[in-house]
């Protein structure tokens with residue numbers, strides 16, 4: 001189906017509830033509905049299997065308009081349908097939950113509740129997801145009139161620890177735990193070695209980036225967003241610049257788009273090899289961990305050669321890219337890929353034939369196609385269950401029309417399939433990178449870019465190594481965005497992990513978590529509450545003084 | 001033996017200091033080999049010693065609500081067990097300094113004391129990771145103990161003796177028992193890895209699930225003592241397997257090389273295999289290990305009867 005027919009179909013499905021509809025962009029449909037109609041409208045889309053819930057954007061329209069807005073974005077192929085719901089700003093705005101229809105909505109609803117003060121009626125877990133436990137009640141950071149001092153002035157929330165009632169033997173994993181490379185908190189109730197329940201809490205690395213973007217200009221944001229994640233930094237800059245370029249109606253040179261795709265490919269190789277190592281380590285196969293990380297250095301060095309940086313490449317700029325790829329680079333790219341392809345084939349072989357390793361992966365974390373769709377999984381996790389979902393193909397952006405990639409799926413749905421899908425994806429990526437290097441279009445690599453962006457809003461989607469990254473960008477016509485919503489793939493995949501963990505052995509849990517390749521900093525994007533009475537938070541100079549007092553001056 | 005000589009033999013040679021230091025060197029060999037197999041550089045030769053000294057100088061923190069006697073006593077008992085076992089084993093290619101009828105069984109149980117102590121230490125802990133680790137340690141103990149015992153019983157039956165000294169002497173005078181009882185050797189080698197909780201049998205201390213298992217709450221001296229105990233156990237057990245299966249005690253240099261070959265084999269297995277879940281470990285031992293060991297014993301009994 002083409003994007004037009006998809007949008008038409010969505011329009012028909014939503015017609016009974018629509019209080020107004022328009023097409024802000026050719027691939028988008030905006031439908032305004034009443035809050036009470038939300039569950040039925042969501043059901044209508046879900047029953048017709050029209051797309052999946054990509055994100056919920058909560059927005060404060062300010063004290064003048066005195067309204068809040070909740071946007072429910074659904075994606076199918078290249079088409080994006082947004083349900084727009086206006087809520088009163090005063091009193092307690094309420095919105096019905098849709099997590100009965102869409103289990104993945106629960107995380108978005110928790111975020112909406114804590115950030116904007118919207119009560120989501122009927123959501124299964126209304127506790128905090130990102131904000132600190134002692135964040136004061138009734139202060140909502142994403143409101144326009146929120147000030148940092150506000151949080152400090154109000155007494156902290158002293159509600160007792162939220163946890164499970166009853167006599168359950170709970171194994172806490174995190175926030176500090178050797179299985180986790182980044183902080184997150186999981187509680188698994190176990191019966192012997194078998195998991196009977198799972199809960200999670202995020203926000204240990206929440207940095208309030210969405211809020212921070214509103215105080216920075218368009219250019220500064222590029223550098224801030226690059227630091228959302230240390231693994232897929234290029235994903236975020238390319239998603240952001242792509243969206244902003246669309247808003248500014250700037251044509252980006254072909255060559256720049258090709259270079260972006262090339263770097264995205266290299267990033268994917270580095271990310272998947274990193275994942276391979278982590279997953280092998282979780283399973284207790286450290287030799288594979290060491291080998292794959294050694295080989296990952298090849299691609300890291302290559303990225304350094306191309307961009308000057310190993311982690312935050314900083315190659316994307318608004319309107320193009322910063323560095324060109326020359327003939328000398330293409331030689332080293334081909335050379336590095338020769339080595340990597342050989343190694344990736346070897347790892348694919350290990351992941352499918354090593355009997356010891358297969359004991360820990362085959363049949364573990366089995367997820368059927370239906371489940372994968374229902375839980376709203378994305379990226380390689382979804383594709384390992386047979387879901388054909390990949391933004392690079394569904395809605396080719398940038399240079400992906402010119403250099404298409406082929407989709408890799410597997411219908412087995414277990415851990416082994418997740419290894420196979422990722423490794424095969426790397427082989428495809430290597431092939432695409434070679435094509436790009438050999439057929440690089442000529443021309444410049446950057447165009448002029450305005451400081452102010454015309455008012456408007458847009459959606460920008462790119463395929464990160466972990467799945468689709470979704471950006472909603474709204475400009476008020478000024479030098480900085482009015483609202484920037486970032487939805488990263490990891491948060492969509494949690495629902496599946498928490499549900500699938502039940503019934504597995506405790507020993508499989510690290511594998512299950514690793515299987516989705518979680519990226520906590522993507523999820524969290526820290527909030528510190530500074531109070532005078534609070535002796536736990538210190539500034540750098542206070543910490544320095546404390547250190548000198550404790551250990552004495554340098555001798 | 002005069003009391004002074006006995007004291008010297010317990011404190012310095014072959015038990016005591018010599019044993020502890022050699023345990024550290026074996027541990028280093030193991031770590032270095034695994035590192036090289038994994039394409040890493042690995043530690044320097046004095047690293048285990050440095051680790052131990054560092055641990056001994058660190059503050060020992062006792063969590064609240066634990067029984068002090070058990071918390072401080074268990075590491076000492078564990079180390080004592082391992083050191084006592086060394087008195088009856090052919091350490092570093094020297095004939096055991098003590099021996100009495102049935103010392104083989106006593107030595108094996110002294111070696112198991114370590115696992116018992118680790119399990120009890122975890123049981124005494126307040127941490128959930130310790131508790132799960134302890135459960136796993138005990139579960140694993142029940143899995144490998146019987147096959148490992150049977151694997152060492154094979155040579156003892158062939159030699160018609162329960163005395164380690166006599167079995168080693170018998171092994172020296174006959175074909176290497178790795179040739180006559182190959183199944184026993186494999187089981188003894190893998191059982192040894194289970195006993196020492198080395199990968200792939202490191203489920204009781206699987207760091208990605210339960211942090212450090214039963215020893216999660218231990219720090220400083222207690223942890224150091226457990227570590228020393230483990231490396232002593234490594235030496236004693238490797239010496240036993242070498243003496244039984246690789247042609248007795250012979251000359252010390254040759255003996256040392258043989259023990260290092262065993263360490264090399266263990267390091268290779270550690271690098272090659274993925275950690276087994278606890279149910280897989282138990283399944284492996286009872287489905288294959290124990291049955292094969294029993295089969296070998298049965299063949300041995302039949303052969304002996306027939307030859308006699």
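The values are calculated or read from the model by the stated rules, or taken from the named source; none is laboratory data. What you see is a predicted model, and the numbers here were worked out from it, not measured in a lab. Glycine also receives a Cβ, built like all others from the backbone with ideal geometry; neighbour counts cover every protein chain displayed.
Observations on the structure shown:
- Selection of segment B:248-260 for residues being within 20 Å of the chain's Cα centre (by Cα) and not in a helix (DSSP H, G or I) yields B:248, B:249.
- Residues within segment A:387-407 that are crowded, with 19+ Cβ neighbours inside 10 Å and assigned to a loop (DSSP other than H, G, I, E, B), tallied: 10
- Every residue from segment B:235-253 that is farther than 21 Å from residue B:152 by Cα and either crowded, with 24+ Cβ neighbours inside 10 Å or at pLDDT 85 or above (or both): B:253
- On inspection, residue B:256 fails the criterion of being away from chain A (no Cβ under 14 Å), touching a helix residue (DSSP H, G or I) at 6+ places or on another chain (Cβ under 7 Å), closer than 20 Å to residue B:148 by Cα and surrounded by fewer than 20 Cβ atoms within 10 Å (Cβ to Cβ).
- In segment A:275-302, the residue that is farthest from residue A:431 (Cα to Cα) out of those that are surrounded by 21 or more Cβ atoms within 10 Å (Cβ to Cβ) and away from chain B (no Cβ under 14 Å) is A:275.
- Which listed residue is touching a helix residue (DSSP H, G or I) at 6+ places or on another chain (Cβ under 9 Å), buried (at least 16 other Cβ atoms within 10 Å of the Cβ), away from every other protein chain (no Cβ under 14 Å) and under 18 Å from residue B:225 (Cβ atoms), from B:89, B:85, B:29: B:85
- Matching residues in segment B:198-247 - criterion: being away from chain A (no Cβ under 14 Å), within 24 Å of residue B:52 (Cα to Cα) and assigned to a loop (DSSP other than H, G, I, E, B): B:217, B:218, B:219
- Qualifying residue in segment A:470-478 (condition: on the phi > 0 side of the Ramachandran plot and either assigned to a strand (DSSP E or B) or within 14 Å of chain B (Cβ to nearest Cβ) (or both)): no
- Counted as qualifying within segment A:1-87 are the strands (runs of 3 or more DSSP E) with 3 or more residues that are closer than 17 Å to residue A:458 by Cβ and out of contact with any helix residue (DSSP H, G or I) (no Cβ under 7 Å at 6 or more places or on another chain), namely A:52-60, A:67-76.
- Subset of segment B:261-279 [in a helix (DSSP H, G or I) and either buried (at least 19 other Cβ atoms within 10 Å of the Cβ) or more than 9 Å from chain A (Cβ to nearest Cβ) (or both)]: B:261, B:262, B:263, B:264, B:265, B:266, B:267, B:268, B:269, B:270, B:271, B:278
- Residue A:306 vs. criteria surrounded by fewer than 24 Cβ atoms within 10 Å (Cβ to Cβ) and farther than 18 Å from residue A:517 by Cα: yes
- Selection of segment A:124-141 for residues being surrounded by 22 or more Cβ atoms within 10 Å (Cβ to Cβ) and more than 18 Å from the chain's Cα centre (by Cα) yields an empty set.
- Within segment A:171-186, considering residues that are surrounded by fewer than 18 Cβ atoms within 10 Å (Cβ to Cβ) and touching a strand residue (DSSP E or B) at 6+ places or on another chain (Cβ under 8 Å), the one nearest to residue B:128 (Cα to Cα): A:172
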